[in-house]
1. For the range 167-283, which fully contained strands (runs of 3 or more DSSP E) count at least 3 residues that are modelled with pLDDT under 90 and open to solvent by 50 Å² or more (accessible area, probe 1.4 Å)?
2. Being of a type in the set (Asp, Glu) and within 20 Å of Trp336 (Cβ to Cβ): is that true of Glu308 here?
3. Are there any pairs with C-beta distances below 6 angstrom linking a residue in the range 224-247 that is touching a residue at least 60 places away in the same chain (Cβ under 8 Å) to a residue that is of a type in the set (Gly, Ala, Ser) and outside any helix (DSSP H, G or I), with the two at least 6 apart or on different chains, and if so which?
4. Output yes when any residue across the range 341-363 is under 30 Å from Ser25 (Cβ atoms), at pLDDT 95 or above and open to solvent by less than 60 Å² (accessible area, probe 1.4 Å), and no when none is.
5. Of all residues in the range 288-328, count the ones that are without any contact (Cβ under 8 Å) to a residue 60 or more places away in the chain, surrounded by 15 or more Cβ atoms within 10 Å (Cβ to Cβ), in a loop (DSSP other than H, G, I, E, B) and under 32 Å from the mean Cα position of the chain (by Cα).
6. Of all residues in the range 367-378, count the ones that are modelled with pLDDT of 75 or more and farther than 19 Å from Lys150 by Cβ.
7. Mind checking which pairs have a first residue in the range 60-84 that is over 14 Å from His94 (Cβ atoms) and a second that is aromatic (Phe, Trp, Tyr) and at pLDDT 85 or above, Cβ under 9 Å, 6 or more apart or different chains?
Amino acid sequence: MSKSSVIDLAGRDESQDPLTELLRSGARKLIQQAVEVELAEVLEAHKERQLEDGRAGVVRNGYLPEREIQTGIGPVTVKVPKVRTKAGKPVTFHSALVPPYVRKTQTLEAALPWLYLKGISAGEMSTALEVLVGPQAKGLSATTVSRLKKAWAAEYDNWRVSRLDKDRWVYIWADGVYSGLRSEDAKLCALVIIGVNEYGQKRFLAVEDGVRESTQSWREVLLKLKERGMNAPSLAIGDGAMGFWSALDEIYGQTRQQRCWMHKTMNVLNCLPKSSQPKAKRALHEIWQAETKENATRAFDLFVSTYEAKYPKATVKLEKDRQELLAFYDFPATHWQSLRTSNPIESTFGTIRHRTKRSKGCLTRNGMLHMMFKLGQCAEQNWRRLRGYKTLGKVITGVQFRDGIEVNKDNYEAA
């Protein structure tokens, strides 16, 4: 009789979804930046007011108490600044974006991914902010929107030249992220590189405008990274179809190469009839899920002998990257989950691909790059350190691994 039939719903309204937390964090920064730009305009409008000694007559004076605005993705905390008048008629700062006493958005179901995709475009920022906080945002001037976009562009430009030699970069993931945007000549392809440093921390290293993942475009990206001080990584992971590999051989020739098994599996299966794909997919999984490189090689040979006669295109696609597909066996086993695919990039930009297919060119090329940069900054805050990061030091110092196990440790146990 002591059992209670009451279901505890406490905390059910709090989201545990990492993507939601990412978007909420982005919304907070977006609102704060926009409010700061509004304040700057007010101070600029009253810059003629000065004291006898030349000091400004209207100055900022801290912040009002923090308050939460309820949105469709949960509460977003905002801080609205205050101003102080030292000369002339009193001035009170009222944000058009976050009016006094507003506690919730007018449209709770407004989606934050839409805000990001629309918000950083050339002509949609005002509309996007209006969706976030309701019709009160109509007072947001075009000048404010323009200054806000310029601030993001400046942040992106500064980030692109920031130094990378403060960290030792062990692994990098590279991929081309295509969007629904179209310029006069070609579809936008953002060349993205994520790196992991000696502490296991993942960071965006490059988000650049490219041309169909060409070798020349990737060469320019890698040369920029080298100029910023990035060392030669121990391993690079990516899709085999990119011009990235030719550029990597030229700029960082000593870096090992690992092909993405996710991309390779899709490319191989596309050469097979649908009826044969489930069985072939299981056979491919037997390769990269094998515990040792020897077992993986046997599974590799079995796949080739099974499908070579009927579907030579499929086996050729697999065979040409045999060495690069099995490179991860020479690195710590605790890293294998991260090294076999370019998932860090795919998972981060999956939402962007989904939305841009429906946006039909709502953003400019620069607007899309700035949006990717801002979304990447938010994503970094929620990334966990690389699993098994404590062994990264051994990779850096050149300790050899066989089948994911340190060779010296093997020899010691055998003795």
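The values are calculated or read from the model by the stated rules, or taken from the named source; none is laboratory data. Remember, predicted model here, so these are calculated numbers, not experimental data. Positions of Cβ are generated from backbone atoms using ideal geometry, with glycine treated the same way; all protein chains shown enter the neighbour counts. Heavy atoms of the whole protein, side chains included, go into the accessibility calculation; ligands, DNA and RNA do not. Shrake-Rupley method; radii C 1.70, N 1.55, O 1.52, S 1.80 Å.
1. It comes to none.
2. Answer is no for this residue.
3. From residues that are touching a residue at least 60 places away in the same chain (Cβ under 8 Å), the pairs are Ile237/Ser342; Gly238/Ala174; Gly238/Ser342; Phe244/Ala174; Phe244/Gly238.
4. no
5. Looking only at that region, the number is 2.
6. Summing the residues that are modelled with pLDDT of 75 or more and farther than 19 Å from Lys150 by Cβ in the range 367-378 gives 1.
7. Listed by first residue and then by second, the contacts come to Lys79/Tyr63.
Yes or no, residue by residue, for (1) on the phi > 0 side of the Ramachandran plot; (2) modelled with pLDDT of 70 or more; (3) acidic (Asp, Glu); (4) within 31 Å of the chain's Cα centre (by Cα):
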{"position": "Gln70", "(1), (2), (3), (4)": "no, no, no, yes"}
{"position": "Pro81", "(1), (2), (3), (4)": "no, yes, no, yes"}
{"position": "Arg84", "(1), (2), (3), (4)": "no, yes, no, no"}
{"position": "Gly88", "(1), (2), (3), (4)": "yes, yes, no, no"}
{"position": "Thr92", "(1), (2), (3), (4)": "no, yes, no, no"}
{"position": "Ser95", "(1), (2), (3), (4)": "no, yes, no, yes"}
{"position": "Pro99", "(1), (2), (3), (4)": "no, no, no, no"}
{"position": "Arg103", "(1), (2), (3), (4)": "no, no, no, yes"}
{"position": "Trp114", "(1), (2), (3), (4)": "no, no, no, yes"}
